[in-house]
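The values are calculated or read from the model by the stated rules, or taken from the named source; none is laboratory data. Worth saying up front: this structure is predicted, and the values here are computed from it rather than measured. Glycine also receives a Cβ, built like all others from the backbone with ideal geometry; neighbour counts cover every protein chain displayed. Areas reflect the complete protein model, heavy atoms only, side chains present, ligands, DNA and RNA absent. Shrake-Rupley method; radii C 1.70, N 1.55, O 1.52, S 1.80 Å.
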Amino acid sequence: MSSLVHDLGARSSSLVGSLGRVSRFGLSLLRALPKRPTRFGFFVHALFDAGVLSMALICLSGFTVGMVLGLQLYTTLTRFGAAEGLGAVVGLSLVRELGPVLTGLLVTGRAGSAITAEIGAMKATEQLDGLRMMAIDPVHFVAMPRALALTVAMPLLNGLFITLAIGGAYVVGVNLQGLDGGVYLSGLENAVRFGDDVGQSLLKSLVFGMLLGLIATYKGHSCAPDSAGVARATTSTVVTASVSILLADYMITALWGV
Amino acid sequence: MIGGLQRPDSGEVRVAGHLLSALSERELGEVRREIGMLFQNGALLDSMTVFENVGLPLIEHTKQSRAEVRKRVDAVLEAVGLGRDVEPLLPRELSGGMLRRVAFARAIVMEPRLLLADEPFSGLDPLNVVRIEDLLTHLNRDLGLTIVVSSHHMASSLRMADQMVLLHDKKCVVGTPEELASHPDPAITEFIGEDGRAYLARLHELQQREDP
């Protein structure tokens, strides 16, 4: 019994310690943001890696998810004689939930893990120590541009995912199943409100981007400086960021008031 | 620890009068501008070219123009025996010896007052060992740079050092190379090995030549 209490205490203490370290790292990222010189070149490079190179995956996934959604919903709605509601249901589910969450999870696997692995490898080969010895802050030089790139890329990729998914559902619902295109689009237009739904989608993807940026760069910076440590950190980024995204999704949805 | 990358568990480290353990990371940065560090594996940024790596401290900490940076980078690369042809290469395209010399160039590009070299000879062929040794000796003897070398390469250490600190059995043994090579404790002379005996023989030979 005493060992159980001891373990529980040790784990709780370790969790609080980790949260404290992540928060401190997050603060140092924020402090690095306005520092000179601006790392605009590195930011653009990181944006290309995280954003442009993720576009193919996001387009393909978005279109496929849209097609599946179109097929499932059309079949179900037809059963209730409400097939003309396809555009509204597809639009709302994609804009409010599926778009930001699936984009967040896809970018976590595609770009977040890569950023952790890159920074972890830099740590293992003493490149971060090398920067510190040159009086260059590694958080400002390495982590900040990448975290910012993920924060900026996420809403843009979310928009791309939703657009492609709406297109995919259109192809299945209208071109394959025979629903009127005008009915699909007008249902979509009437159901999705810009301020409420698109605003919520934008906020979610922005928060997910910030969370992923923080987690991916922190895990890279804090990993053990060997190949096993980098591997563990990369896995941990995917797991921690995915869970954080799902939790944050629920909290934003609940606070927004659905 | 002398560079402030690790804090001591006990005791204190002073560099140029600064007590390192009392400094914040930003204040440490000010001290580090006076220190050049040669890492064991180079620690060059692998996404940057040789020119960008060597010129990085100048770009970050000085207001030098691009042309001035280029001139200085050319000069330090020449000082370590490398030409301009290596400047566009990435670290992964360099051999071990070249990589170490580029790291050397980066460590001295800001003209530091103190150079820390972590195992500068490990993994190098004999020719490159001599090259690096000559560079360190030149910087120390001719330019007056203070150099702290951490090394297991006894032959080079004995040839170069003014003072040596031997870590043995949780104790520091301090002395000149001659004192350590002829130390009364057999554990010390055994650790220094054949290189110590060769060093003493060479020293004796030189003394005989000077006083025939």
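Annotation: aspartates and glutamates with alpha-carbon distance below 19 angstrom to residue B:71 (same-chain offsets under eight excluded): B:52, B:60, B:85, B:87, B:111. In the structure shown, the pairs A:204/B:63; A:35/A:204; A:35/A:219 are assessed against 30 Å; a Cα-Cα span above that value is assigned to A:204/B:63. Here the spin labels are modelled as points 7 Å beyond Cα on the Cα-Cβ line, and at residue A:21 and residue A:56 they lie 3.6 nm apart.
Per residue, the protein assembly as shown exposes 52 Å² of solvent-accessible protein surface, assessed with a 1.4 angstrom probe and all protein chains in place.
Close amide H partners of residue B:164, meaning residues 5 or more places away or on another chain with modelled amide H under 5 Å apart, are B:175, B:176. Segment residue A:33..residue A:185, full-extension length gain: 50.6 nm, with 0.36 nm per residue of separation and the alpha-carbon distance subtracted. Here the range B:125-212 exposes an accessible surface that is 55 percent carbon and sulfur, computed with a 1.4 Å probe and the other protein chains kept in place.
So what is the relative contact order of chain B, in percent, for Cα pairs below 8 Å that sit 6 or more residues apart? Please list the in-between numbers first.
Working: 247 pairs, mean separation 35.2, N = 212.
Over chain B, the number comes to 17 percent.
What is the interface area between chains B and A, defined as buried accessible area summed over both chains with a 1.4 Å probe, reported in Å² to the nearest 100?
On the way: alone 12770 and 13370 Å², together 24540 Å².
Buried surface at the B/A interface: approximately 1600 Å².
Rank-order A:203-210, B:125-132, A:248-255 by packing density, defined as the average count of other C-beta atoms within 10 Å over each peptide's residues, highest first.
Per-residue Cβ counts within 10 Å, averaged per peptide and sorted highest first, yield A:203-210, B:125-132, A:248-255.
Please state the charge dipole magnitude for the range A:38-256, taken about the Cα centre, from unit charges on C-beta atoms (+1 on K and R, -1 on D and E), reported in debye and rounded to the nearest 20.
Details: 11 positive and 13 negative charges, 53 e Å.
It works out to roughly 260 debye.
Looking at the range A:1-104, the chymotrypsin sites (Phe, Trp or Tyr not before Pro) that sit in a DSSP loop and have at most 14 other Cβ atoms within 10 Å of their own Cβ are A:80. Taking θ as phi - 60° and the Karplus parameters 6.51, -1.76 and 1.60, the scalar couplings of the range B:41-48 work out to 9, x, 6, 6, 6, 6, 8, 10 Hz in sequence order, x denoting glycine and proline.
Normalised by the number of residues in chain A, the average gap of Cα pairs under 8 Å and 6 or more apart makes the relative contact order 32 percent. Treating the angle as unsigned and between 0 and 90°, give the value, to the nearest 10°, between the Cα long axis of helix A:55-79 and the longest Cα principal axis of chain A. Orientation of helix A:55-79: about 40 degrees from the principal axis.
With all protein chains in place and a 1.4 Å probe, the accessible surface of the range A:38-256 carries 72 percent carbon and sulfur. Evaluate E = 1/(1 + (r/R0)^6) for residue B:138 and residue A:224, where r is the Cβ-Cβ distance and R0 equals 35 Å; express this FRET efficiency to the nearest 0.05. After rounding to 0.05, the efficiency reads 0.35.
Fully extended, how many nm does the chain gain between residue B:62 and residue B:113 (0.36 nm per residue separation, minus their Cα-Cα distance)? Kindly include the intermediate steps, with their values, before the conclusion.
Working: separation 51, 0.36 × 51 = 18.36 nm, distance 1.66 nm.
Once the chain is fully extended between residue B:62 and residue B:113, it gains 16.7 nm.
Per residue of chain B, the DSSP helices (runs of n ≥ 4 H) give a summed -39500 (n - 2.57) that works out to -14000 deg cm²/dmol at 222 nm. Whole-percent P(r), chain A, all Cα pairs, 5 Å bins from 0: 1, 6, 12, 14, 15, 13, 11, 8, 7, 5, 4, 2, 1, 0.
Scalar couplings 3J(HN,Hα) for the range A:208-218, obtained by applying the Karplus form with A = 6.51, B = -1.76, C = 1.60 to θ = phi - 60°, are 4, x, 5, 4, 5, x, 5, 5, 5, 6, 5 Hz; x denotes Gly and Pro.
Semi-axes of the range A:130-177's equivalent ellipsoid from the Cα gyration tensor, sqrt of 5 times each eigenvalue, largest first, rounded to whole Å? Mind dumping the intermediate values first?
Numbers: eigenvalues 398, 10, 3 Å².
Taking √(5λ) for each eigenvalue gives 45, 7, 4 Å, largest first.
Shown for the range A:128-158: residues covered by the partner protein chains by 10 Å² or more of accessible area relative to the chain by itself (probe radius 1.4 Å), namely A:129, A:130, A:131, A:132, A:133, A:134, A:135, A:136, A:141.
For the range B:1-33, applying the loop criterion from DSSP together with a ceiling of 14 other beta carbons within 10 Å to the GluC sites (Glu not before Pro) yields B:12. Accessible-area loss of 30 Å² or more (1.4 Å probe, protein heavy atoms, chain alone versus all protein chains) is found in the range B:30-62 for B:32, B:39, B:43, B:45, B:46, B:48, B:56, B:60, B:61.
Remark: the range A:153-166, residue by residue, has Karplus-estimated 3J(HN,Hα) of 5, 4, x, 5, 5, 4, x, 5, 4, 5, 4, 5, 5, 5 Hz, where x stands for each Gly or Pro and the curve is 6.51 cos²θ - 1.76 cosθ + 1.60 at θ = phi - 60°. Per residue, chain A reaches -25500 deg cm²/dmol at 222 nm when only DSSP H runs of four or more residues are counted, each adding -39500 (n - 2.57).
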